[in-house]
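The values are calculated or read from the model by the stated rules, or taken from the named source; none is laboratory data. Please read all numbers here as calculations on a predicted model, not as lab measurements. With ideal geometry, Cβ positions are generated from the backbone for all residues, glycine too; neighbour counts draw on all protein chains shown.
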Amino acid sequence: MYENSRLIIDSSNIPDAGSITWRSPSNIAIVKYWGKYGIQLPRNPSLSLTLTASCTDTQLEYTLKEGNLDGKIDLDFFFHEEENEPFKIKIVAFLESLLPVYPFLKQLKLTIRSGNSFPHSAGIASSASAMSALALCLCSLEDTLFGTLKESAVFDQKASYLARLGSGSACRSIFPYAAAWGETSQWKGSSNEFAIPMENHLHDTFKDLHDDILIVSRAEKTVSSRAGHALMEGNPFAAPRYEQARARFSTLLDAMRVGDLEVFGKIAEDEALTLHALMMSSNPSFTLLRPASLSIIEKVRQYRADTGNQVYFTLDAGPNVHLLYPGDIVHEVRAFIEEQLEEHCEDGFVLQDWVGEGPEEI
Ligand code: 2P0
C-alpha cells in the first residue's frame, strides 16, 4: 500500500551524510496474535500494552553511495558494538523487501548499530522492539530526505506498517500505552496492515500498570514464533479460536475504557493459556511452558485469592511469566515476587517493566 517509485534521490535532493537514532520498546499482547497469512497479516485482531524498560536503541547512519549503483542494499550492522552476521542477513533481506516502498535505500550506504536494554540471553523476544526501532529510523530517514512524513499520525502509521513487515507484533510498539492491530468491525480505521493508537480510549488505570517479567528460562525457544504461527494453518481449533479472539477483543475494549481491571485480568490470563493450548494442539504439538511457569501461575492465583490484590499473569510465546498489576500495590507485589516467585526464575532473574509512552527519538 505504500509502494512509491518517486522516493528516489536525484540531483535536486542529494543528502549530506547523517544519523538517526530511535529507542523503541517491546509490547505485551493481552489479546494475542497467533495465526497469520500473507506477509504478517493477522487472522484476528490483537491488543497490547506498550512497555518501557525492555527496549532497543537503533542508530541508522547514511551517506550517499559512491560509484557503482548495483541496486543492492549496502549495510554494515553492529549489535552491541559487534558485527553480527546472522542479524545482518535478516536485516538486509528486510531492507531488500522494502525497495518497492523505499527505492532510495539502494542509493545509500547504511550503517546500523543496535542494542537491547535487556541481556541478549534473557529469553525475551526482541523482534518487536528491534523491528519497530528500525522502522522508526527508516521513517525519519524518509522525512529527512523527502519531507513526506511531517504529520505525526501519518508518520506513525507508516512506521507501524513497516514494522509489521519485519515482525507482526512490532507494529503495535509504535504507540504510547496501548495499541490495537487487525481489522475489526468494532473499530473504524482498524487495519490488518498497521496498528492504531488506543491511548485515548484507555482508562487511567491502564496507564499505570506494571509488568514484571519472571524469567523462567533464558534458553532459546525450541519452536520459533514464525513456525508457531504457521502451525495454526492446520490446527483444528483455528476457526473457533479466531472467533474467540474477536469476542475477547470486544470485551477487552470495553473493560479498558471503563477501567475494569478484573475483566481485563481474566482476559489476559485466558488468552495466555489459550495461546499455549494452541501450541499443544498443533500438529506437531509443542510446549514452551516449563514446570516453573505453572508453579508461578498457581501461586499468583493463590496470592490473589488470599490478598484480593489484582495481580494477573500473561505469557508470550515462551516460558517466562509476565505479572500485570496496578502501581498502587507495587511494594506488596514486589515482596510477593521476592518471597515466593524468584525461586522459580533462572538465577532469580526478574525484569521490572511498566506501561509507558512508547518510542522516542534520541
Ligand atoms: C503477540 N506473539 O500477539 C503474539 C503472542 C507471541 C505470543 O506475535 O512471525 O515475532 O514476526 O509476525 O510477532 C510473536 O510473533 O511473529 C507474537 P512474526 P512475532 O504478541
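Selection of first residues in the range 307-325 that are assigned by TED's automatic domain parsing to the domain that holds Ser295 and of second residues that are among the basic types (Lys, Arg) and within 14 Å of the ligand (Cβ to nearest atom), restricted to Cβ pairs under 6 Å at least 6 apart or on distinct chains, gives the following pairs, ordered by first then second residue: Gly318/Lys221. Within the range 122-146, track down each residue that is more than 13 Å from the ligand (Cβ to nearest atom) and among the hydroxyl-bearing types (Ser, Thr, Tyr). Scanning the range 122-146 gives Ser140, Thr144. Can Leu149 be described as on the phi < 0 side of the Ramachandran plot, of a type in the set (A, V, I, L, M) and within 16 Å of the ligand (Cβ to nearest atom)? Here the answer is no, as Leu149 does not meet what is asked.
Pairs meeting the criteria (first residue in the range 260-285 and touching a residue at least 24 places away in the same chain (Cβ under 8 Å), second residue loosely packed, with under 14 Cβ neighbours inside 10 Å, beta carbons under 6 Å, at least 6 apart or on different chains) are Asn283/Gly234.
Taken together, Phe87, Phe104, Phe155 contain a single residue that is of a type in the set (Phe, Trp, Tyr) and either touching a Ser or Thr at 6+ places or on another chain (Cβ under 6 Å) or in contact (Cβ under 8 Å) with a residue 60 or more places away in the chain (or both), which is Phe104.
Would a scan of the range 7-19 turn up a residue that is in contact (Cβ under 8 Å) with a residue 60 or more places away in the chain and part of a strand (DSSP E or B)? Checked the range 7-19: at least one residue is in contact (Cβ under 8 Å) with a residue 60 or more places away in the chain and part of a strand (DSSP E or B).
Out of Asp306, Asp316, one residue alone is within 21 Å of the chain's Cα centre (by Cα) and among the acidic types (Asp, Glu). It is Asp316.
For the residues Ser224, Ser191, Ser169, the requirement of being within 13 Å of the ligand (Cβ to nearest atom) and surrounded by 14 or more Cβ atoms within 10 Å (Cβ to Cβ) singles out Ser169. On the basis of being within 16 Å of the ligand (Cβ to nearest atom) and either touching an Asp or Glu at 6+ places or on another chain (Cβ under 6 Å) or assigned to a loop (DSSP other than H, G, I, E, B) (or both), does Leu51 make the cut? Criteria met by Leu51. Among all positions in the range 33-52, there is at least one residue which is in contact with a Phe, Trp or Tyr (Cβ under 8 Å, 6 or more places away or on another chain) and closer than 17 Å to Gly115 by Cβ. Would you mention how many residues in the range 223-245 are in contact with a Phe, Trp or Tyr (Cβ under 7 Å, 6 or more places away or on another chain) and either among the hydrophobic types (A, V, I, L, M, F, W, C) or over 16 Å from Ala277 (Cα atoms) (or both)? Counting residues in the range 223-245 that are in contact with a Phe, Trp or Tyr (Cβ under 7 Å, 6 or more places away or on another chain) and either among the hydrophobic types (A, V, I, L, M, F, W, C) or over 16 Å from Ala277 (Cα atoms) (or both) gives 2. When Glu66, Glu3 are screened for being exposed (fewer than 15 other Cβ atoms within 10 Å of the Cβ), touching a residue at least 60 places away in the same chain (Cβ under 8 Å) and farther than 15 Å from Ser126 by Cβ, only Glu3 passes.
Take the range 172-188 and flag every residue that is among the small types (Gly, Ala, Ser), assigned to a loop (DSSP other than H, G, I, E, B) and either within 15 Å of the ligand (Cβ to nearest atom) or in contact with a His (Cβ under 6 Å, 6 or more places away or on another chain) (or both). Listed by number, the list holds a single entry, Gly182. Scanning the range 339-362 for residues that are touching a Gly at 6+ places or on another chain (Cβ under 9 Å) and farther than 18 Å from Leu289 by Cα returns a single hit, Trp354. Taking the range 233-272 as the range and being among the small types (Gly, Ala, Ser) and surrounded by fewer than 17 Cβ atoms within 10 Å (Cβ to Cβ) as the test, the residues that pass are Gly234, Ala239, Ala247, Ser250, Gly259. Would you check if there is a residue in the range 139-150 being within 19 Å of Ser46 (Cα to Cα), surrounded by 21 or more Cβ atoms within 10 Å (Cβ to Cβ) and modelled with pLDDT of 95 or more? Scanning the range 139-150 turns up no residue that is within 19 Å of Ser46 (Cα to Cα), surrounded by 21 or more Cβ atoms within 10 Å (Cβ to Cβ) and modelled with pLDDT of 95 or more. Does Asn27 satisfy the criteria of being within 21 Å of the chain's Cα centre (by Cα), closer than 21 Å to Phe264 by Cβ and part of a loop (DSSP other than H, G, I, E, B)? Taking the combined requirement at face value, the residue does not satisfy it. Determine whether Thr56 is of a type outside the set (Gly, Ala, Ser) and away from the ligand (no atom under 16 Å from the Cβ). Answer is no for this residue.
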